[in-house]
1. What single numbered condition from (1) crowded, with 20+ Cβ neighbours inside 10 Å; (2) more than 23 Å from G306 (Cα to Cα); (3) small (G, A, S) fails to hold for S380?
2. Across region 300-309, which residue is surrounded by the most Cβ atoms within 10 Å (Cβ to Cβ) among those that are among the aliphatic types (A, V, I, L, M) and assigned to a loop (DSSP other than H, G, I, E, B)?
3. Return yes when R253 is within 23 Å of the chain's Cα centre (by Cα) and open to solvent by 40 Å² or more (accessible area, probe 1.4 Å) and no when it is not.
4. Which count do you get for residues in region 248-266 that are out of contact with any helix residue (DSSP H, G or I) (no Cβ under 8 Å at 6 or more places or on another chain) and not charged (D, E, K, R)?
5. Considering only region 427-464, how many residues are under 21 Å from A387 (Cα atoms), in contact (Cβ under 8 Å) with a residue 40 or more places away in the chain and in a helix (DSSP H, G or I)?
6. Please work out which residue is modelled with the lowest pLDDT, limiting yourself to region 224-258 and to residues that are in a loop (DSSP other than H, G, I, E, B) and of a type in the set (V, I, T).
7. So the check is Cβ under 8 Å with 6+ separation or different chains; which pairs have a first residue in region 520-538 that's more than 19 Å from A731 (Cβ to Cβ) and a second one that's open to solvent by 30 Å² or more (accessible area, probe 1.4 Å)?
8. Out of (1) among the small types (G, A, S); (2) assigned to a helix (DSSP H, G or I); (3) at positive phi, the odd one out for A560 is which?
Amino acid sequence: GASLMGMEGAAWRLDYLLQARDDPSLLLPLSEAWDERGAVARYLDRRFARPWEHALTWLGQAAQVFPPIADSLADARPAGCDLTGADAYAFLTQAIPALEELGIATLAPAWWKRAPVKPTLRLEVRSPRHQSSGLLGLDAVLTFDWKIALGGAELTAEELEQLAALKEPLVRLRGKWVELRPDDVAAALRAVATRHARQMSLGEAVRLAMTGRTDAGGLVIEQVRADEWIGDLLGRMRSGETITEIALPAGLRAELRPYQKRGVDWLAYLARFGLGACLADDMGMGKTVEFLALLAHLKESGAISGPALLICPTSVVGNWMHETNRFTPELRALVHHGAGRVGRSSAEGFVSEAANNDLVITTYSLLPRDLKALGAVNWSVIALDEAQYIKNAETKQSHAARALSAPVRVALTGTPVENRLAELWSIMQFLNPGYLGSQRRFHEQFAVPIEQRCDQRATAQLHALTRPFILRRLKTDPQIISDLPEKVEMREYCTLTREQATLYEAVVRDGLRQMEQSDDPMGRRGVILAMLTRLKQVCNHPAHFLNDGSALLGRSGKLARLDDLVTELLDDGDRALIFTQFTVMGERLVGYLTERFGQETLFLHGGVARQQRERMVERFQSGAGPSLFVLSLRAGGTGLNLTNANHVIHFDRWWNPAVETQATDRAFRIGQTRNVQVRKFVCSGTLEERIDEMIERKRTLTENVFGAGEGWLTELSTDELRDIFRLRADAVAD
């Protein structure tokens, strides 16, 4: 047998042993067997005939496998041999398996069973001098030092270079022998040598802290130490505890649910450091009020100065304006869109007007067209609503969004990734430019491995990188469900197209002329009711008013908003009831939705026979049938159990709370297991908005005030009606 022992110097000793066949635990040094007068020799001679002759035979065979043994055979009585470090490494890695195949047992040091020691890095980061923690951004410059660790012992670069200079795979480290692979040592030295400037961005520090890996040799960062607020920030990001409670702004006119408060706290924490945040709450969970609460907090606390910019789809401009006035009335808001945009196209005029407001609301369609004017403003915050609108990084609006700058950036979306990971890169590039690397590198490092090979390591690394900057909550989360009410009602404020506005004003002029010419109270009543019907039709869609069978796409703000909502709810696997009081409009919606989404849409109206009606309800309730159900308000407003829907959309309004509530309760009733979201479409700046406001003000006087329909409107004076019908400038979108 052979026994390898490490020595304090550069030499190693390989000892030769005799092992008894009948007692493998009996090991005797061959050096003692050569002493014929010794006890060992006498013992061996009694049990075995001249055992050293057998030992020499075995050593001769071993020398053919491991040449250093051959030199020792020149000695008349070989007992072992001295080895260099390289010889010892060759014995451990190559000779041991070969000797054991010959039947020669070997003994190796106990530490050899351990895995090779791999250098790891320890990063020490220091906060920037003369700079507070406020609104830094990921490009803030930090100073740092690398520390190299081997087997838990920290080394300087100079000590590691000395080990590398030995060119020995087995080294003595802090009193222990360890295996050290030269390639690992070289990688550690490269990692240190490539950062002579001793400076890195906050973004790079976050990447290293979250992934624990450098770009050099895949070395693991076992520890990140940082001082002051940098240490707190990195520690919170690694632990996922990036939520610190703030006091809600005094100007907020809303009672936030617990998960919404947590969302505001999270946004405020990242905004404190100028880090971009993506609030990815599910549809209908209140992203709007969370952002408005954040903006009011930043204003009240003095964290920002100057106006904020919100970019959103055209279909929700009115909704944002109304929610701002409702939840944060102290914030001065300006809509940069439609007729209100006239006179603001020049950079100078726009900068001046924007400075007089706290929030400017514009649209994705205007973003590239008005980029010069928008880029001239020193924005304090830039937010993207429905941020999936920039999911394609090469579109004009995506380029324009990234061209704008602000210390605080926020993205709001219920679908941060719809089809490809490249969409996530585009949103993150807006929020924190450069954090995920170039588009090409992201494609190679993450998109290809994850999408094509389901690479778990790449998936985990991307999750670690993006986790601090994306807050995703779903309605299906048990914690969220406990926070949500059973029924959430909201207004969806839509804008008119220019075609709708032209038709609207024509109907108003003709109706007012007829009212003024009518002396008969009943005739006047008939004129008003007819005008209400025609204006509702115009607000729904020009093709509804004209009844000419013309195309629907691109001509109605309501239809555009319906398209957005249905796209999102179908992506979430949800189901919806869509109410309209007009059978003609229902037929057009069914045709549009069926073609647009490639799936059947049910339609229940007064002309549907009872048996067919029952089959429709049964199919919808089964869960295997269509996800969309259009109903006329009269036919579908009562007597149905449609609890398989968790969305109710009132495309047009009956202006009677009791009737609308009855319709909503087709889904929100006993047997409903999910929370129901109810959306009521209202065209901003039109009679729809004004009548809705009147109903809300008088709701406490009971629904009897308004009668069973719209007759109460005919009792208003001509001046009151003229004010209700008047079209405001902000009602029109480009």
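The values are calculated or read from the model by the stated rules, or taken from the named source; none is laboratory data. Keep in mind that this is a model prediction, so the values were computed, not measured. Quick reminder, even Gly has a Cβ in these numbers, built from the backbone with ideal geometry, and neighbours come from all protein chains shown. Heavy atoms of the whole protein, side chains included, go into the accessibility calculation; ligands, DNA and RNA do not. Shrake-Rupley method; radii C 1.70, N 1.55, O 1.52, S 1.80 Å.
1. Condition not satisfied by S380: (2).
2. Of all residues in region 300-309, those among the aliphatic types (A, V, I, L, M) come to 303-304, 308-309.
Then drop every residue that is not assigned to a loop (DSSP other than H, G, I, E, B), which leaves 303-304.
Values: A303: 17, I304: 21.
It comes out as I304.
3. Details: within 23 Å of the chain's Cα centre (by Cα): no; open to solvent by 40 Å² or more (accessible area, probe 1.4 Å): yes.
Here the answer is no, as R253 does not meet what is asked.
4. Total meeting the criteria: 1.
5. 6
6. The extreme case among them is T242.
7. Note: pairs meeting the criteria are R524/S518; V527/Q514; V527/S518.
8. Condition (3) is where A560 drops out.
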